[in-house]
Amino acid sequence: MSDRQTETDVILIGAGIMSATLGTLLKELVPDWNITVFEKLATAGEESSNEWNNAGTGHSALCELNYTVEKPDGTVDISKAIKINEEFQVSKQFWSYLVNSNLIRNPQDFIRPLPHLSLVQGEKNVTFLKNRYEALSNNPLFQGMEFSDDPKKLMEWIPLIMNGRNSNEAIAATRIESGTDVNFGALTRMLFDHLKDKNVDVKYKHSVEDIKRTSDGLWELKVWNMDTGNIERHTAKFVFIGGGGGSLPLLQKSGIPEGKHIGGFPVSGLFMVCTNPEVIEQHHAKVYGKAKVGAPPMSVPHLDTRFIDNKKTLLFGPFAGFSPKFLKTGSMFDLLGSVKPDNVFTMLAAGAKNVPLTKYLIQQVMLSKEQRMEELREFIPNAKSEDWDIVVAGQRVQVIKDTEAGGKGTLQFGTEVISAADGSIAALLGASPGASTAVSVMLELIKKCFPEQIQEWEPKIKEMIPSYGVSLLKNPELIEEIHTSTGRALGLSSPELALV
Ligand SMILES: Cc1cc2nc3c(=O)[nH]c(=O)nc-3n(C[C@H](O)[C@H](O)[C@H](O)COP(=O)(O)OP(=O)(O)OC[C@H]3O[C@@H](n4cnc5c(N)ncnc54)[C@H](O)[C@@H]3O)c2cc1C
């Protein structure tokens, strides 16, 4: 067993979309910094960022009903939808910059235009959808949204869903053409190819086992080289823990006070994938429904056209479930191992508060294929069991922490950057809205961790992302410019341009 010692400027742990995005941003801002990546799997983008492990929705709140909450007076709060939409515009601008600069090519391999629809049934839900439509449709970020409760129109929009539907229940949908399907796995791999070209040292089959502060203020990582079996030691001035579900245990090992009193609640996922090309051809959209009462927001059912390996496919789900693993390739002891003296009461409180959720998730795991088919038939009345297979999706580890509003052990459904006070180490926890907002989240991390450099870096950030630091909502002409330029660069132009 040898003990190799290397020192570098930046270490990124994990080769998912988050490390890929941060590495790419840093290489543009400070090309001469040395960056090393440690990934325990054999290639990039194999965990949550992989195309089969997430839903590939370019989340911009066009169709996700959980981002627009109904207030007690029946009006709809659209503030979260605006934030998420603006964040997705940031991602599109950065990806466009990379394409325009020839740093990545063939954007159609990772992003495609695809109409986004919301679909609801029942009078109460139809009223909510109409109110939501009225709140959004005059907003420049959501221009082009249409509403219909006319079955004939819906048959035009979603024939696969409307065919064979004989209930008299009220039904309505909104549709907007400027949605996208994003293959985050392909994008992650493209970004890692680009990083290799920029001399970033990407070490696969290297598992980070421990993180400690050295007496001279650096971070020392104990890394297991899975090929040789050796334990290596690597130090860096700055470390990003981008281990997806694996981030929480590593944050705990770093010992920073900001990482205390935090726990993780793993939620697993399953999709049903259509194997019948004739059925796949009858659908061309992402259609989001409403989460069932008591179901967590990440289990909102949706029927999605996807483009994977340049092939059109059709997925339904995700079905949420419970598994104690923090990564799809993780261990059954992950959850137990994350309980520490500093978070035990937070975890216990969360356990007590979330008994119904845990029960719901366990019930979901137990569903038979036929029971899942019944849920699918709420979308496709004529769905045949033999046309659908089940695929296991990624794990999401939701953050549990003590908050003023929710009290001890509150389950969070967003993403959170946790960083040391001196900015020398940061971790990304949580998984929603996830990959779509990777660029905004990593820019937030850069701002937090590099306060001395950010001013000097700002002109470059603005060159890459013209809307950086600007509210798009207050600058409708900038929205128009961005729709046009990103539409052209990413090959989304026809539906996008039609909107402006
Ligand atoms: C079912 C499901 C549906 C989703 N749908 C969407 C969607 O439609 N749109 C969207 O934008 N987002 C979606 N998401 C969220 C999105 O997939 C994630 O937010 C995103 O992929 C997380 O990227 P990451 O880089 O943080 O993590 P990952 O992609 O999980 O990468 C982390 C990497 O770190 C490695 N790692 C972990 N621990 C170690 C260690 N100790 N040493 C070395 N390497 C380590 C892992 O092997 C992995 O490769 C979905 C997620 C799930 C699970």
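The values are calculated or read from the model by the stated rules, or taken from the named source; none is laboratory data. Just so it is clear, the model here is predicted, and its values are computed rather than measured. With ideal geometry, Cβ positions are generated from the backbone for all residues, glycine too; neighbour counts draw on all protein chains shown.
Filtered by the rule that a residue be crowded, with 24+ Cβ neighbours inside 10 Å, more than 15 Å from the chain's Cα centre (by Cα) and either charged (D, E, K, R) or within 30 Å of LEU117 (Cβ to Cβ) (or both), the range 19-61 gives a lone residue, GLU39.
For the range 32-41, does any single residue satisfy the condition of being within 13 Å of the ligand (Cβ to nearest atom), of a type outside the set (D, E, K, R) and within 20 Å of SER485 (Cβ to Cβ)? No, every residue in the range 32-41 fails to be within 13 Å of the ligand (Cβ to nearest atom), of a type outside the set (D, E, K, R) and within 20 Å of SER485 (Cβ to Cβ). Residues that are among the acidic types (Asp, Glu) and under 11 Å from ALA438 (Cα atoms) within the range 80-106 comprise just one, GLU87. Among the residues of the range 321-363, those identified as in contact (Cβ under 8 Å) with a residue 24 or more places away in the chain, over 22 Å from the mean Cα position of the chain (by Cα) and within 30 Å of ASP387 (Cβ to Cβ) are TYR360, ILE362.
LEU12 - would you say it is at pLDDT 95 or above and either of a type in the set (Asp, Glu) or more than 12 Å from the ligand (Cβ to nearest atom) (or both)? Spell out how you get there, then give the answer.
On the way: at pLDDT 95 or above: yes; either of a type in the set (Asp, Glu) or more than 12 Å from the ligand (Cβ to nearest atom) (or both): no.
The answer is no for LEU12.
Out of GLY434, GLY491, GLY409, I need the residue that is closer than 15 Å to GLU86 by Cα, touching a residue at least 40 places away in the same chain (Cβ under 8 Å) and of a type in the set (Gly, Ala, Ser). Which one? Quick ask: steps written out before the conclusion?
Details: GLY491 fails: closer than 15 Å to GLU86 by Cα; GLY409 fails: closer than 15 Å to GLU86 by Cα.
Every option except GLY434 fails the conditions.
In the range 185-222, the residue that is nearest to ILE111 (Cα to Cα) out of those that are over 26 Å from the mean Cα position of the chain (by Cα) and polar (S, T, N, Q) is ASN199. Screening the range 364-383 for residues that are touching a residue at least 60 places away in the same chain (Cβ under 8 Å) and of a type in the set (D, E, K, R) and picking the one that is surrounded by the most Cβ atoms within 10 Å (Cβ to Cβ) gives ARG372.
Residue check: is SER19 within 12 Å of the ligand (Cβ to nearest atom) and either free of Cβ contacts under 8 Å to residues at least 40 places away in the same chain or not β-branched (Val, Ile, Thr) (or both)?
Numbers: within 12 Å of the ligand (Cβ to nearest atom): yes; either free of Cβ contacts under 8 Å to residues at least 40 places away in the same chain or not β-branched (Val, Ile, Thr) (or both): yes.
It is true that SER19 is within 12 Å of the ligand (Cβ to nearest atom) and either free of Cβ contacts under 8 Å to residues at least 40 places away in the same chain or not β-branched (Val, Ile, Thr) (or both).
For the range 416-447, filtering for residues that are within 27 Å of THR57 (Cβ to Cβ) and at pLDDT 90 or above leaves 21.
Taking the numbered list (1) over 19 Å from the mean Cα position of the chain (by Cα); (2) of a type outside the set (D, E, K, R); (3) away from the ligand (no atom under 15 Å from the Cβ) in turn, GLN93 passes all entries but (1). With the range 3-113 as the region, which strands (runs of 3 or more DSSP E) entirely inside it contain at least 3 residues that are polar (S, T, N, Q)? Here the list reads 5-13.
Among the candidates ILE231, ILE241, which residue alone is hydrophobic (A, V, I, L, M, F, W, C) and surrounded by fewer than 18 Cβ atoms within 10 Å (Cβ to Cβ)? Quick ask: steps written out before the conclusion?
Numbers: ILE241 fails: surrounded by fewer than 18 Cβ atoms within 10 Å (Cβ to Cβ).
Only one candidate passes the filter, namely ILE231.
Residue-wise test of (1) more than 18 Å from VAL287 (Cβ to Cβ); (2) polar (S, T, N, Q).
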position	(1), (2)
LYS83	yes, no
PHE88	yes, no
GLN93	yes, yes
ASN100	yes, yes
PRO107	yes, no
PHE110	yes, no
HIS116	no, no
LEU119	no, no
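I'd like to know if the range 92-113 contains one or more residues that are among the small types (Gly, Ala, Ser) and surrounded by 20 or more Cβ atoms within 10 Å (Cβ to Cβ). Yes. Between GLY469, GLY487, GLY409, the distinction of being over 16 Å from the mean Cα position of the chain (by Cα) and farther than 30 Å from GLY14 by Cα belongs to GLY487 only. Scanning the range 468-491 for residues that are in a loop (DSSP other than H, G, I, E, B) and modelled with pLDDT of 95 or more returns TYR468, GLY491.
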